[in-house]
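Everything on this sheet refers to the single structure shown next.
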Amino acid sequence: MSLLLTNRRTCRMRCALACFAFLLGAASSGLPFLAFDSVARGQQIGDAEQRAFKEATRAAAPFTVRIDTVGGLERIGETLLPIGPFTGTIVSPDGFIVSATYNFLSEPQAILATLPDGRRAAAKIVARDEARMLTLLKVETESPLPVPTAVPRSEMQPGQWTLALGRAYEGELPNLSVGVLSASNRIWGRAIQTDAKISPINYGGPLVDLRGRVLGILVPLSPEGAEPLAGSDWYDSGIGFAVPLEDVFAQLDRLKTGENLKPGVMGIAIKGQDIYSTAVELAAVPPGGPAARAGIKAGDKIVEAEGQPIVRQAQLKHALGALYAGQSVSVVVERKGERLSFDVPLVDAIEPYAFASIGASPMNGEAEGVTLRHVFGGSPAEEAGLKSGDRVTKVGETAVASLADLYAALLPLQPGAEVELGYVRGDATQTAKIVLAELNAEAPEQLAPLNRSASAPQDGIARGWVDAKLPEDPHVCFAIVPEDYDPAVPHGLLVVFGPPGAVDANAAQQAWGAFARERDFIVLFPQSQDEKEWKPNEIEVLRKLVDQAVQNYSIDRSRIALFGKGPGGAMAYLFTAAHRDLPRGLAIVDAVAPPRTPRLETDPVNRLSFLLLRSAAGTNDAELAEGMQKNLEMLQKLKFPVLLEEQDQALTERWLDAADRF
């Protein structure tokens, strides 16, 4: 049996040794030897703990089984897949075993389970729990198999001992890692957390208490991701998760029938980005979704879910996180001072949201209303007779004082809907009825110059080629800040994901200097830490770099865009999937979305368009061309505005400059 001590336990041993040294010193000074009783009692406690760990492991051994896989994929993209052995936990006497979905990403040709009597039996996959990343297996057995006792959630107490078991080695007892229960309601209500070191060989094994009862099934999970690999990079870190066995048993009958369980969704879009401080006010309720069918409307404020008060968005995520498609959630909303109750049946997916569009882009710096900078050819705006320079002040019955107001007015509307626009041309107020179209990713042929100040103020702000790294982080980052940058004029922000390794300052300024100066953009150039590759774990640092730029400069959030080529393009995809609230445009050259990219969804609150570009070399690469075509079709199916073109710098610049289109 392998016993891995946690940091907490190691510290306790060091304290005991220090106390022992102190007592030796006290004894040599003539102090009473009675203190040695404390040392003896400490040793007795330690021995008792070791016996308890062994007895709990012995009690759990019969239902902790070894899983071996044969054949299958070796990697997904650049990610090497685990090869085993793995662990499973028996959950039913008739041969059902649950394990982590992570263990079967290789799509093995065969799966073998080593049963308590030592017999190896073929196992087949019956169903998956896609919310909690569990897979149910079935083996044929002539005699009933041992089944664990689940610890009720109500008995779980942070600080209690936990043993993480796995079947990595031959032997009577499983290998184990010792820790404590860190928290009992993590990953949006789906998991408990332990500080025991969890290796991939433990995934699918039980997390047990000192009585050998099972607290949960060990799986890699992350609050930021919803795919089987999410959280796997935390192995042996002291951050481990387990799905409560009580929850597994509650859904076992559904899984036994072969039904795959999926997370439940309501079909709502919420105002505000900070889930820990903002209320749940609905910006949009896409038609056809479960919330809309139940009668919930844009503007409603959710104040209760499943009988629990809801003050912050995170609380709603917790309430929904534990539920599956096919279940229902009870919610209470406030609407014009009245409290209304709804029962909303959850589904696994809703029809992708299509952005409604007038077909124009805005001028910056208007005091009231939205002045049209450009009207796209063939758009609803052009067909209604609107022109560049017209100032939109009303959409339907909604007054428009800013671009944010205009976006909000379009949120509840669908392509094909007729709406009346109020606008000002010269000194005359006019109206026009238009039929909204789907937002497209067309690049304008030309754009009117933005409003500018007469001259840049002398304010001490660094301009030109600027060091933009974080003070507390070693990642290198530079920025181009236009020499005439004026904090009173909001600028666009372009983040360029270049090739891995050092940023070439001369090449960067030559490629993007004129763009920054002529189109009022600040251009950010983060540098990968590894000279050979961008790594997914850099995403959060990159987000901090962007947030710092937004804080330090006057940035128009509707004109934030990303650009990436090759490996940098793949990183831009991953960044966008992780931070949908940030970019409004994503321009990609010769790259496809990596296999680990979480599924992108259109978000009514956060508009996003794609420009896919093929260089001459990329066009001649058949595999790359096929991958980019598949990306195009996928994005079209998901209702994203997307354009596929040959690489052209002038077109790219015009497209990025129109990222705020509506």
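Can you tell me which residue is nearest to the chain's Cα centre (by Cα) among those in region 487-518 that are among the β-branched types (V, I, T) and farther than 21 Å from P362 by Cβ?
Going through region 487-518, the residues among the β-branched types (V, I, T) turn out to be 489, 495-496, 503.
Checking the rest, the ones that are also farther than 21 Å from P362 by Cβ come to 495-496, 503.
Working: V495: 20, V496: 21, V503: 28 Å.
Top of the filtered list is V495.
Might you let me know whether region 331-340 holds any residue that is surrounded by fewer than 22 Cβ atoms within 10 Å (Cβ to Cβ), touching a Phe, Trp or Tyr at 6+ places or on another chain (Cβ under 9 Å) and not hydrophobic (A, V, I, L, M, F, W, C)?
Filtering region 331-340 for residues surrounded by fewer than 22 Cβ atoms within 10 Å (Cβ to Cβ) gives 332, 334-340.
This time we only want the ones that are touching a Phe, Trp or Tyr at 6+ places or on another chain (Cβ under 9 Å), so: 332.
Then keep just the ones that are not hydrophobic (A, V, I, L, M, F, W, C); that gives none.
No, that holds for no residue.
For region 607-643: of the residues being among the hydrophobic types (A, V, I, L, M, F, W, C) and either closer than 17 Å to L574 by Cβ or part of a loop (DSSP other than H, G, I, E, B) (or both), which is most open to solvent (accessible area, probe 1.4 Å)? Quick ask: steps written out before the conclusion?
Narrowing region 607-643 to residues among the hydrophobic types (A, V, I, L, M, F, W, C): 608, 610-613, 616-617, 622, 624-625, 628, 632, 634-635, 638, 640, 642-643.
Remaining after also requiring either closer than 17 Å to L574 by Cβ or part of a loop (DSSP other than H, G, I, E, B) (or both): 608, 610, 612, 628, 634-635, 638, 640.
Values: L608: 1, F610: 0, L612: 2, M628: 2, M634: 79, L635: 1, L638: 10, F640: 9 Å².
My answer is M634.
List the residue pairs whose Cβ atoms are under 6 Å apart, where the first residue sits in region 570-592 and is among the hydrophobic types (A, V, I, L, M, F, W, C), the second is open to solvent by 10 Å² or more (accessible area, probe 1.4 Å) and assigned to a strand (DSSP E or B), and the two are 6 or more positions apart or on different chains.
Taking only residues 6 or more apart or on different chains, the pairs are A587/F563; V589/K565.
If you scan region 188-208, which residues turn out to be under 19 Å from the mean Cα position of the chain (by Cα), surrounded by fewer than 24 Cβ atoms within 10 Å (Cβ to Cβ) and among the small types (G, A, S)?
Hit for region 188-208 is G189, nothing else.
Are any of the residues in region 235-255 of a type in the set (A, V, I, L, M), under 26 Å from I350 (Cα atoms) and modelled with pLDDT under 95?
no
Could you please let me know if T602 is surrounded by fewer than 22 Cβ atoms within 10 Å (Cβ to Cβ), of a type in the set (S, T, N, Q) and closer than 19 Å to D233 by Cβ? Don't jump to the end; show me each part of the working.
On the way: surrounded by fewer than 22 Cβ atoms within 10 Å (Cβ to Cβ): yes; of a type in the set (S, T, N, Q): yes; closer than 19 Å to D233 by Cβ: no.
The answer is no for T602.
Among the candidates V496, V435, which residue alone is at pLDDT 95 or above, touching a strand residue (DSSP E or B) at 6+ places or on another chain (Cβ under 6 Å) and closer than 25 Å to L586 by Cβ?
Numbers: V435 fails: closer than 25 Å to L586 by Cβ.
Among V496, V435, only V496 is at pLDDT 95 or above, touching a strand residue (DSSP E or B) at 6+ places or on another chain (Cβ under 6 Å) and closer than 25 Å to L586 by Cβ.
I'd like to verify a number: residues in region 307-341 that are under 18 Å from L261 (Cβ atoms) and either of a type in the set (A, V, I, L, M) or more than 19 Å from the chain's Cα centre (by Cα) (or both), how many?
9
Out of I192, I201, report the one residue that is at pLDDT 90 or above, of a type in the set (V, I, T) and outside any loop (DSSP other than H, G, I, E, B).
On the way: I201 fails: at pLDDT 90 or above.
That would be I192, the only listed residue that is at pLDDT 90 or above, of a type in the set (V, I, T) and outside any loop (DSSP other than H, G, I, E, B).
Is there any pair with a first residue in region 198-220 that is hydroxyl-bearing (S, T, Y) and a second that is surrounded by 22 or more Cβ atoms within 10 Å (Cβ to Cβ) and in a loop (DSSP other than H, G, I, E, B) whose Cβ atoms are under 8 Å apart and which are 6 or more apart or on different chains, and what are they?
Y203/P220
With the checklist (1) open to solvent by 50 Å² or more (accessible area, probe 1.4 Å); (2) in contact with an Asp or Glu (Cβ under 6 Å, 6 or more places away or on another chain) in hand, flag the one item N506 doesn't pass.
Going through (1) open to solvent by 50 Å² or more (accessible area, probe 1.4 Å); (2) in contact with an Asp or Glu (Cβ under 6 Å, 6 or more places away or on another chain) one by one, N506 breaks only (2).
In region 51-101, which residue that is out of contact with any helix residue (DSSP H, G or I) (no Cβ under 9 Å at 6 or more places or on another chain) and among the aromatic types (F, W, Y) is nearest to L136 (Cα to Cα)?
Across region 51-101, the extreme among qualifying residues is F63.
Filter region 509-539 down to the residues that are open to solvent by less than 20 Å² (accessible area, probe 1.4 Å) and either hydroxyl-bearing (S, T, Y) or under 30 Å from P449 (Cβ atoms) (or both) and list them by number. Even if it seems obvious, please write down each step before you answer.
Just the residues of region 509-539 that are open to solvent by less than 20 Å² (accessible area, probe 1.4 Å), to begin with: 512-513, 515-516, 520-526, 528, 538-539.
Answer for region 509-539, where residues must be open to solvent by less than 20 Å² (accessible area, probe 1.4 Å) and either hydroxyl-bearing (S, T, Y) or under 30 Å from P449 (Cβ atoms) (or both): W512, G513, F515, A516, D520, F521, I522, V523, L524, F525, P526, S528.
Taking the condition of being of a type in the set (G, A, S), farther than 21 Å from S232 by Cβ and in a loop (DSSP other than H, G, I, E, B), how many residues in region 161-188 meet it? Walk me through it before giving the result.
Step one: filter region 161-188 for residues of a type in the set (G, A, S), giving 164, 166, 168, 171, 177, 179, 182-184.
When the remaining residues are screened for being farther than 21 Å from S232 by Cβ, the result is 171, 184.
Now restrict to residues that are in a loop (DSSP other than H, G, I, E, B): 171.
So the answer is 1.
Of all residues in region 162-187, how many are under 25 Å from E49 (Cα atoms), open to solvent by 40 Å² or more (accessible area, probe 1.4 Å) and either in contact (Cβ under 8 Å) with a residue 60 or more places away in the chain or of a type in the set (D, E, K, R) (or both)?
4
Only one of (1) open to solvent by 50 Å² or more (accessible area, probe 1.4 Å); (2) touching a residue at least 40 places away in the same chain (Cβ under 8 Å); (3) closer than 24 Å to R132 by Cβ fails for Q315. Which number is that?
That leaves (2) as the condition not met.
Go through region 110-131 and give me each residue that's open to solvent by less than 50 Å² (accessible area, probe 1.4 Å), under 30 Å from V265 (Cα atoms) and at pLDDT 95 or above.
If the condition is that a residue be open to solvent by less than 50 Å² (accessible area, probe 1.4 Å), under 30 Å from V265 (Cα atoms) and at pLDDT 95 or above, then V126, A127, D129 are the ones that fit.
Does region 549-573 hold any residues that are surrounded by fewer than 18 Cβ atoms within 10 Å (Cβ to Cβ) and of a type in the set (S, T, N, Q), and which are they?
Scanning region 549-573 gives Q551, N552, S554.
If you take just the strands (runs of 3 or more DSSP E) that sit entirely in region 354-444, which of them hold at least 2 residues that are small (G, A, S) and touching a residue at least 40 places away in the same chain (Cβ under 8 Å)?
Numbers: elements: 360-362, 370-375, 391-395, 418-425, 428-435.
In region 354-444, the matching strands (runs of 3 or more DSSP E) lie at 360-362.
Within the group A587, A578, A561, A549, which residue is among the small types (G, A, S) and modelled with pLDDT under 95? First the steps, then the outcome.
Values: A587 fails: modelled with pLDDT under 95; A561 fails: modelled with pLDDT under 95; A549 fails: modelled with pLDDT under 95.
Among A587, A578, A561, A549, only A578 is among the small types (G, A, S) and modelled with pLDDT under 95.
Working only within region 436-486, note down all residues that are closer than 30 Å to S357 by Cα and either within 35 Å of the chain's Cα centre (by Cα) or among the hydrophobic types (A, V, I, L, M, F, W, C) (or both).
If the condition is that a residue be closer than 30 Å to S357 by Cα and either within 35 Å of the chain's Cα centre (by Cα) or among the hydrophobic types (A, V, I, L, M, F, W, C) (or both), then L436, A437, E438, L439, N440, A441, E442, A443, P444, L447, A448, L450 are the ones that fit.
W465 passes all but one of (1) more than 30 Å from L644 (Cβ to Cβ); (2) at pLDDT below 95; (3) open to solvent by 70 Å² or more (accessible area, probe 1.4 Å); which number fails?
(2)
Could you count how many residues in region 422-445 are in contact with an Asp or Glu (Cβ under 9 Å, 6 or more places away or on another chain) and of a type in the set (A, V, I, L, M, F, W, C)?
Of the residues in region 422-445, 6 are in contact with an Asp or Glu (Cβ under 9 Å, 6 or more places away or on another chain) and of a type in the set (A, V, I, L, M, F, W, C).
Quick check on this structure: which one of F96, F104 is over 23 Å from W234 (Cα atoms) and open to solvent by less than 30 Å² (accessible area, probe 1.4 Å)? Steps first, please.
Values: F104 fails: over 23 Å from W234 (Cα atoms).
Result: F96 is the single residue among F96, F104 that is over 23 Å from W234 (Cα atoms) and open to solvent by less than 30 Å² (accessible area, probe 1.4 Å).
Pairs please, first residue from region 634-660 and in contact (Cβ under 8 Å) with a residue 12 or more places away in the chain, second anywhere and of a type in the set (K, R) and surrounded by 15 or more Cβ atoms within 10 Å (Cβ to Cβ), Cβ atoms under 7 Å, 6+ apart in sequence or on different chains.
Correct list of pairs: E646/R614; Q647/R614; E653/R519; D657/R519; A659/R559; A659/R584; D660/R559; D660/R584.
Looking at (1) buried (at least 19 other Cβ atoms within 10 Å of the Cβ); (2) under 23 Å from R373 (Cα atoms); (3) in contact with a Phe, Trp or Tyr (Cβ under 9 Å, 6 or more places away or on another chain), find the lone condition where C477 falls short.
(2)
The values are calculated or read from the model by the stated rules, or taken from the named source; none is laboratory data. Source: prediction; values computed, not measured. Note that each Cβ is placed from the backbone with ideal geometry, even for glycine, and that neighbours are counted across all protein chains shown. For the accessible areas, the whole protein counts, side chains as well, though only heavy atoms, and no ligand, DNA or RNA atoms are used. Shrake-Rupley method; radii C 1.70, N 1.55, O 1.52, S 1.80 Å.
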